[in-house]
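Notes follow once the structure below has been shown.
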Ligand SMILES: Nc1ncnc2c1ncn2[C@@H]1O[C@H](COP(=O)(O)OP(=O)(O)O)[C@@H](O)[C@H]1O
Ligand SMILES: [Mg+2]
């Protein structure tokens, strides 16, 4: 068993007077892929934002340790520095700032703090980025486009994976990376995440999703079902299969938005 | 009312990079305040023709008669009696940097002026207090008939051509500060580009105030003859003092048929300077005039570069960037006046308010009767960085012709928590994230600048963002 990378104990999170996460425990070890599944509004993004340190997301109780450090008081940039990464459910546009400039600035900021890992990444950045873009089927011209500005949903998600591959974090939190992607795009994006995991055998991923279809590609070791701010069930991949076959109702959860029928089951061809 | 010392800093780095001062030395300094005696002293020192002396005296009367403007910024603390109107720093202007007095040269060295000249300029001028201390045009351009000098020298050496245009575009009675400048003007640039000559590198003039309570009143006249092209760039800085200084320039530009002229300003005065400037251009048949006006410094700027589109086919562009920080008010914008049919203009204004700063867009679009087929497009975007900061828009339209096509767009956005968090989650500090968002916001204008100035602009923005995050 790998070392504990993320350890969350009895976590309570308050956002604008509402307690959204109400006592959550989760341990992710090095090299593990965990899926957190839950219907809309169950608190998935709240958990993701809080782990990344978003201002306004207040931990009222409980502890969060990452790589042996209590991260509760750390700024978002310090968490990035420590090796946390969040792939946003809704990536934000930064008009006027090119993708290339943004990535170089991020790497410069991270390596300035004296972290040798980022210095290494920076050395081969120009070469690597080309390779990553090719793998993600991103037109090289995108390096000169303004970050997420006017990008389609799929392009934004691929841009998140490009950042993941560039920054090579220790833990990747993927917030609904699969939403809004067609089958081909999902495959490309999943391959990107897999590539990152293969390149970094100790790295872990927390794959947050409403549907299981991304899990066909990113075989999770553990699956957790989140409902109303609590993990109500944890287990192996079989949980996702149960969820696929029987729906959230099988877990006693009201899913207001069943959404489109997922393409290709967990027993599917991939 | 002297503001606190800490309040007058724009960014943490301004003071050491630009806000430094050296010991004041002058060969002549007029008394504080302004009267007809001071005008005579200035005229005597310059040994100028009588018509100019008379012009000054008349202008002073206009200045004294005109009331202080009550629109725009707060001028109630502007005390005209505190100001020294003429300060002559050296006996002679230098033709080489070696001829420039040592302290003055050191100042310009520190500001990187001789270095820029070497690297990417067709010509370079430097004004210190009231007088030009250096002016140089590369031989290549001189031999092609280009004239680039300070305005006092032009009055001596090219009186005919200067007299033909001087004060015809901005007459002294245009406004109180144009009248003031007309009365006490000193220095500034004179440029004449002969027909068909295309000056492909920028011509730069740098304006520096060093002493306390000094007024700088440069007078600039730029003439781009038929089919000619040029790009003039002005920069400026001053020491950070707790007492106020005044900068009131007049800039007149003429772009003749088929000419193409661009005027770029990177205004970076320390935040104790009142910057009250009148800039106006006339664009004739099929010519193009562009103002790129960046206002980063000063206590109060009131400046609205304007373009009169005089004949069919003329085109005017105004790109304005304003950044207002603590205790700063940027009242900027632009005016386009369509005097002829088949003319077009475009105003793009981007303002950033932070740290309690205030920026206002003030613009005028005027179309005279019978000016058919006129196209105007105005777009102003404001970015507000925090709840203490403010942005206003005052777009005026006077359209006296039906057959016109006018677009107007205005957006105000607050810096997004989401944008900040997104960038910080990738490792940027709050300060870096802020400055990245701001650089991106003004990028559509910065990308128009030659590379060297774009780099400079981004650096200045960064400097201004420093210290803005508490
Ligand atoms: N900024 C916020 N302010 C107030 N309530 C919020 C905020 N963000 C999320 N919530 C609420 O928290 C709950 C969980 O939301 P979220 O974490 O986005 O769920 P999910 O990602 O699982 O769809 C929802 O009831 C939502 O309305
Ligand atoms: Mg969500």
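Check off (1) closer than 19 Å to residue A:93 by Cβ; (2) crowded, with 21+ Cβ neighbours inside 10 Å; (3) touching a residue at least 12 places away in the same chain (Cβ under 8 Å) for residue B:440 and give me the number that stays unchecked.
(3)
So which residues in segment A:47-57 are within 14 Å of another protein chain (Cβ to nearest Cβ) and touching a residue at least 60 places away in the same chain (Cβ under 8 Å), if there are any at all? Explain how you work it out, then say what you get.
Pass one, segment A:47-57, residues within 14 Å of another protein chain (Cβ to nearest Cβ): A:48-57.
Within segment A:47-57, A:48, A:51, A:52 meet the criteria.
Return yes when residue B:413 is touching a strand residue (DSSP E or B) at 6+ places or on another chain (Cβ under 6 Å), within 14 Å of chain A (Cβ to nearest Cβ) and farther than 30 Å from residue B:261 by Cα and no when it is not. Show your work before the answer.
Working: touching a strand residue (DSSP E or B) at 6+ places or on another chain (Cβ under 6 Å): yes; within 14 Å of chain A (Cβ to nearest Cβ): yes; farther than 30 Å from residue B:261 by Cα: yes.
Yes, satisfied.
Could you please give the count of residues in segment A:152-181 that are more than 16 Å from ligand 1 (Cβ to nearest atom), in contact with a strand residue (DSSP E or B) (Cβ under 9 Å, 6 or more places away or on another chain) and either within 11 Å of residue A:88 (Cα to Cα) or not in a loop (DSSP other than H, G, I, E, B) (or both)?
Total satisfying the criteria: 6.
Looking at B:350, B:326, which is the one that is surrounded by fewer than 22 Cβ atoms within 10 Å (Cβ to Cβ), in contact (Cβ under 8 Å) with a residue 40 or more places away in the chain and closer than 27 Å to residue B:416 by Cα? Quick ask: steps written out before the conclusion?
Details: B:350 fails: surrounded by fewer than 22 Cβ atoms within 10 Å (Cβ to Cβ).
Sole residue among the options that is surrounded by fewer than 22 Cβ atoms within 10 Å (Cβ to Cβ), in contact (Cβ under 8 Å) with a residue 40 or more places away in the chain and closer than 27 Å to residue B:416 by Cα: B:326.
Identify the residue in segment A:135-171 that is within 16 Å of ligand 2 (Cβ to nearest atom) and either over 17 Å from the mean Cα position of the chain (by Cα) or closer than 27 Å to residue A:201 by Cα (or both) and, among all such residues, is surrounded by the most Cβ atoms within 10 Å (Cβ to Cβ).
So the residue we want is A:157.
Please tell me if residue B:418 is within 12 Å of chain A (Cβ to nearest Cβ) and either over 28 Å from the mean Cα position of the chain (by Cα) or within 28 Å of residue B:363 (Cα to Cα) (or both). Working first, answer last.
On the way: within 12 Å of chain A (Cβ to nearest Cβ): yes; either over 28 Å from the mean Cα position of the chain (by Cα) or within 28 Å of residue B:363 (Cα to Cα) (or both): yes.
Considered against the rule, which asks whether it is within 12 Å of chain A (Cβ to nearest Cβ) and either over 28 Å from the mean Cα position of the chain (by Cα) or within 28 Å of residue B:363 (Cα to Cα) (or both), residue B:418 comes out as yes.
Determine whether segment A:134-150 contains at least one residue that is away from chain B (no Cβ under 13 Å), over 25 Å from residue B:439 (Cα atoms) and without any contact (Cβ under 8 Å) to a residue 12 or more places away in the chain.
yes
What are the residues in segment A:8-37 that are within 10 Å of ligand 1 (Cβ to nearest atom), more than 14 Å from every other protein chain (Cβ to nearest Cβ) and farther than 20 Å from residue A:174 by Cβ, if any? Show your work before the answer.
Start the filter on segment A:8-37 by keeping residues that are within 10 Å of ligand 1 (Cβ to nearest atom), which leaves A:13-21, A:36-37.
So of that shortlist, the ones also more than 14 Å from every other protein chain (Cβ to nearest Cβ) come out as A:13-14, A:17-21, A:36-37.
Within segment A:8-37, A:14, A:17, A:18, A:19 qualify.
Out of (1) at pLDDT 95 or above; (2) more than 8 Å from every other protein chain (Cβ to nearest Cβ), the odd one out for residue A:41 is which?
Just one mismatch for residue A:41, condition (1).
Just the residues that are surrounded by fewer than 12 Cβ atoms within 10 Å (Cβ to Cβ) and more than 30 Å from residue B:137 (Cα to Cα), please, taken from segment B:78-110. Can you show your working first?
So in segment B:78-110, the residues surrounded by fewer than 12 Cβ atoms within 10 Å (Cβ to Cβ) come out as B:81, B:91-92, B:95-96, B:98, B:102.
The one that is surrounded by fewer than 12 Cβ atoms within 10 Å (Cβ to Cβ) and more than 30 Å from residue B:137 (Cα to Cα): B:81.
Looking only at segment B:103-137, which residues are under 21 Å from residue B:449 (Cβ atoms) and part of a loop (DSSP other than H, G, I, E, B)?
Hits for segment B:103-137 are B:111, B:112, B:121, B:122.
Quick one: would you say residue A:102 is touching a residue at least 12 places away in the same chain (Cβ under 8 Å) and over 29 Å from residue A:66 (Cβ atoms)? Break it down into steps so the answer makes sense when it comes.
On the way: touching a residue at least 12 places away in the same chain (Cβ under 8 Å): yes; over 29 Å from residue A:66 (Cβ atoms): no.
Spelling it out, it is not the case that residue A:102 is touching a residue at least 12 places away in the same chain (Cβ under 8 Å) and over 29 Å from residue A:66 (Cβ atoms).
Hey, can you tell me all the residues within segment A:58-83 that are under 21 Å from residue A:177 (Cα atoms) and more than 8 Å from chain B (Cβ to nearest Cβ)? Steps first, please.
First pass over segment A:58-83, keeping only residues under 21 Å from residue A:177 (Cα atoms): A:76, A:79-80, A:83.
Once the filter is applied, which keeps residues that are under 21 Å from residue A:177 (Cα atoms) and more than 8 Å from chain B (Cβ to nearest Cβ), segment A:58-83 yields only A:83.
Check A:118, A:132, A:211 and return the single one that is assigned to a loop (DSSP other than H, G, I, E, B) and crowded, with 17+ Cβ neighbours inside 10 Å. Even if it seems obvious, please write down each step before you answer.
On the way: A:118 fails: assigned to a loop (DSSP other than H, G, I, E, B); A:132 fails: assigned to a loop (DSSP other than H, G, I, E, B).
When all the criteria are applied, what remains is A:211.
Condition test on residue B:119, is it exposed (fewer than 13 other Cβ atoms within 10 Å of the Cβ) and in contact (Cβ under 8 Å) with a residue 24 or more places away in the chain? Steps first, please.
Details: exposed (fewer than 13 other Cβ atoms within 10 Å of the Cβ): yes; in contact (Cβ under 8 Å) with a residue 24 or more places away in the chain: yes.
Yes; evaluated as a whole, the condition is true for this residue.
Sort out which residues of segment A:88-99 are within 19 Å of residue A:206 (Cα to Cα) and more than 10 Å from chain B (Cβ to nearest Cβ), and write them in order of number. Walk me through it before giving the result.
Of segment A:88-99, the ones within 19 Å of residue A:206 (Cα to Cα) are A:88-91.
If the condition is that a residue be within 19 Å of residue A:206 (Cα to Cα) and more than 10 Å from chain B (Cβ to nearest Cβ), then A:89 is the only one that fits.
Yes or no, residue by residue, for (1) assigned to a strand (DSSP E or B); (2) crowded, with 16+ Cβ neighbours inside 10 Å; (3) at positive phi; (4) away from ligand 2 (no atom under 16 Å from the Cβ):
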residue	(1), (2), (3), (4)
A:36	yes, yes, no, no
A:51	no, yes, no, no
A:60	yes, no, no, yes
A:72	no, no, no, yes
A:80	no, yes, no, yes
A:86	yes, yes, no, no
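From (1) more than 16 Å from ligand 2 (Cβ to nearest atom); (2) more than 14 Å from chain B (Cβ to nearest Cβ); (3) within 24 Å of residue B:421 (Cα to Cα); (4) surrounded by fewer than 21 Cβ atoms within 10 Å (Cβ to Cβ), pick out the condition that doesn't hold for residue A:5.
(4)
Just to be sure I understand, how many residues within segment A:100-111 are crowded, with 18+ Cβ neighbours inside 10 Å, more than 7 Å from chain B (Cβ to nearest Cβ) and over 15 Å from residue B:434 (Cβ atoms)?
Filtering segment A:100-111 for residues crowded, with 18+ Cβ neighbours inside 10 Å gives A:101-103, A:105-107, A:109-111.
Those still in the list that are more than 7 Å from chain B (Cβ to nearest Cβ) too: A:101-103, A:107, A:111.
Okay, now just the ones that are also over 15 Å from residue B:434 (Cβ atoms), so A:101, A:103, A:107, A:111.
Qualifying residue count, segment A:100-111: 4.
Suppose we keep only residues that are within 16 Å of ligand 1 (Cβ to nearest atom) and assigned to a loop (DSSP other than H, G, I, E, B) within segment A:214-230. Which one would you say is nearest to residue A:10 (Cα to Cα)? Reasoning before the result, please.
Just the residues of segment A:214-230 that are within 16 Å of ligand 1 (Cβ to nearest atom), to begin with: A:214, A:223-230.
Those left that are additionally assigned to a loop (DSSP other than H, G, I, E, B): A:228-229.
Values: A:228: 14, A:229: 11 Å.
Applying the filter and picking the extreme gives A:229.
The values are calculated or read from the model by the stated rules, or taken from the named source; none is laboratory data. The structure displayed is predicted, hence computed values, not measured ones. Reconstructed Cβ throughout: ideal geometry from the backbone, glycine too, with neighbour counts over all protein chains shown.
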